[in-house]
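The values are calculated or read from the model by the stated rules, or taken from the named source; none is laboratory data. Predicted model only: the values in this text are computed from it and were never measured. Every residue, glycine as well, gets a Cβ built from its backbone with ideal geometry; the counts of neighbours run over all protein chains shown. Quick note on the areas: whole protein, heavy atoms, side chains included, nothing else; ligands and nucleic acids left out. Shrake-Rupley method; radii C 1.70, N 1.55, O 1.52, S 1.80 Å.
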Amino acid sequence: MQAEINEHRLLERIDAFARIGGTPAGGVNRQALSQEDRQARGLLARLARARGFRVFQDPMANLFVRREGRFSSLPPFVIGSHLDSQPTGGRFDGALGVLAAFEVMESLEDAGIETDLPLEVVAWTNEEGSRFAPGAMGSSAFALGHIPPEWTDVRARNGAHLTEELKLTLDALADTEARPLGIGISAYLELHIEQGPTLEREGVPIGIVHGIQGTRWLEVVLTGQAAHAGTTPLAFRRDPMVAAAAALDRLYKSVMQKDERVRFTVGRFVLEPGSVNAIPETVTFTIDLRHPETAVLDALEEIIAAEIEEERVASGCTSSIRRLSEMEPASFSDTLLTCLDRAAEHLGLTTIRMLSGAFHDALFINRKAPSAMIFVPCRDGLSHNEAEYVEPGHCVAGARMLLASTLEATRQAP
Ligand code: GLV
Ligand code: MN
Ligand code: MN
């Protein structure tokens with residue numbers, strides 16, 4: 001019997017998970033290690049056990065569902081993505097990859113197909129990084145083999161403590177088997193929505209992702225002096241907002257214009273004390289900077305630092321720049337990319353090779369084991385938005401690609 005993706009089951013599952021943390025506008029708010037995240041993990045664990053699969057979690061709360069293979073002592077072939085979302089996120093970002101992976105596992109079980117390698121579905125913890133920074137915590141700790149000590153101090157903006165929320169999340173699934181962080185795996189494959197406009201524009205259902213561009217997250221703090229907005233003349237002002245506005249104005253007008261591959265975003269901007277009639281004491285903002293080449297990212301960081309320094313001096317403020325996160329570009333495994341090409345050919349699906357603009361768990365897992373990704377189109381290239389939408393046919397095509405390539409790849413045992 002041949003394994004077949006059960007379209008109906010997959011699409012219903014996507015709906016069921018979208019209800020967990022579902023927002024009135026049709027998106028999801030299921031941020032990492034929240035009640036809703038725990039609920040989604042609980043549902044996956046229940047579904048897995050109902051099919052007789054073993055469920056594991058590691059100290060970073062990465063959740064694994066395992067189906068044995070013919071050679072069960074060999075490291076597993078791992079497929080999956082993440083279940084956490086942005087605060088006003090879409091229902092497909094991450095969830096599609098986990099649920100399609102679970103559908104692959106179930107369809108193999110339905111057909112009674114034994115793979116050579118054991119197969120595992122994974123839901124990595126905190127990919128988004130919106131509640132606790134940095135993002136991709138679960139997969140990066142897995143690749144490192146330990147939890148970086150500095151994460152013990154990480155807090156959400158509402159004061160919630162990462163370590164405490166992690167413990168509550170682990171306890172919520174205390175009946176799963178515990179395993180150490182960073183076990184050996186043979187390879188990793190992740191299905192995800194593109195989150196950009198390329199596939200839709202080209203009219204192609206599948207992107208074969210050969211790599212991921214690099215990302216740096218910076219936090220800039222400019223500090224001046226809080227003072228009365230109405231009485232303080234220019235010569236007496238040390239206004240950090242003046243420095244921030246001038247530096248950002250120049251950066252906005254130059255960095256993306258000089259190289260169309262650069263992505264420069266200020267996504268968080270906080271003024272303290274945040275009073276209408278007080279000159280701010282501090283301005284804190286983040287910069288999300290991306291490019292496929294590490295050398296360009298290095299050079300851009302220097303330009304950013306120089307612009308801020310110039311305006312800091314001019315405005316009589318002090319400043320600090322801290323890296324919140326650094327993700328080097330990834331180049332995926334040729335062997336897996338060939339598996340993906342063969343799977344697409346077998347299924348008669350048109351593909352293009354592409355670089356991912358978003359970071360993904362695969363970027364980190366690629367440091368530990370051969371990895372690759374499959375993309376499907378999303379409407380208007382829109383993601384990190386409640387209106388995010390993927391055609392049902394594209395979800396199914398992505399799952400079929402994941403199934404066919406998993407079958408190709410898990411056949412490689414001795
Ligand atoms: C992932 O969510 C990213 O910001 O690329
Ligand atoms: Mn994602
Ligand atoms: Mn995302």
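A few comments on the model shown:
- Once Rg and the Kirkwood radius are both taken over the C-alpha atoms of the chain, their ratio Rg/Rh works out to 1.02.
- In Å², nearest 10: area of Ser186 left accessible to a 1.4 Å probe: 40
- A simple charge model with +1 on the Cβ of Lys and Arg, -1 on the Cβ of Asp and Glu and nothing else charged puts the dipole of the range 1-96 at about 380 debye relative to its Cα centre.
- Per-selection Rg to Rh, the range 155-209 - Cα, Kirkwood hydrodynamic radius: 1.19
- For q = 0.13, 0.20, 0.23, 0.25 Å⁻¹, Debye-computed log10 I/I(0) when each Cα of the range 178-248 counts as one equal scatterer: -0.72, -1.00, -1.12, -1.18
- The relative contact order of the range 47-183 comes to 31 percent, based on Cα pairs under 8 Å that sit 6 or more residues apart.
- Carbon/sulfur fraction of accessible area - the chain, other protein chains in place, 1.4 Å, %: 52
- DSSP beta bridge pairing in the chain, given as percent antiparallel to the nearest 5: 65
- You can think of it this way: the chain between Lys167 and Asn277 has 35.3 nm of extra reach, that is 0.36 nm per residue less the Cα-Cα gap.
- Cα pair distances of the range 214-327 binned at 10 Å [whole percent]: 14, 44, 28, 11, 2
- For the chain, built as a Gaussian network whose Cα springs stay under 10 Å, the top-fluctuating residue of Pro75, Pro149, Pro370: Pro149
- D (Stokes-Einstein, µm²/s), Kirkwood Cα radius, the range 147-302, 0.890 mPa s at 25 °C: 120
- Note on the range 214-327: with charges restricted to the Cβ of Lys and Arg (+1) and Asp and Glu (-1), its dipole about the Cα centre is near 200 debye.
- Paramagnetic reach from Asp334 (point 7 Å along Cα→Cβ, amide N under 20 Å) across the range 178-214: 187-189, 208-212
- Under the span-like rule (Cα at least 18 Å along the axis, Kyte-Doolittle mean at least 0.0), DSSP H helices of the chain: 95-111, 240-258, 294-315, 334-347, 392-409
- Rounded to the nearest 20 debye, the dipole magnitude of the chain is 420 debye, with +1 charges on Lys and Arg beta carbons, -1 on Asp and Glu beta carbons, and the Cα centre as origin.
- Exposure check, 1.4 Å probe, all protein chains in place: Asp175 carries approximately 110 Å² of accessible surface.
- Relative contact order, whole percent, for the range 214-327 stands at 47, derived from Cα pairs under 8 Å and 6 or more residues apart.
- Helical content of the chain, expressed as a calculated mean residue ellipticity at 222 nm, amounts to -11500 deg cm²/dmol (DSSP H runs of 4 or more residues, -39,500 (n - 2.57) each, divided by residue number, nearest 500).
- Part-to-part distance (alpha-carbon centres) for the range 12-68 and the range 142-180, which is given in Å: 16
- The chain, accessible area per residue, ligands and nucleic acids excluded (1.4 Å, Å²): 42
- Here the contact order of the chain, divided by its residue count and restricted to Cα pairs under 8 Å and six or more residues apart, works out to 23 percent.
- Cβ-based charge dipole, the range 214-327, positive-most Cα from Val255, Trp217, His228: His228
- Extension reserve of the Leu347-His8 stretch, reckoned as 0.36 nm per residue once the Cα distance is removed: 120.1 nm
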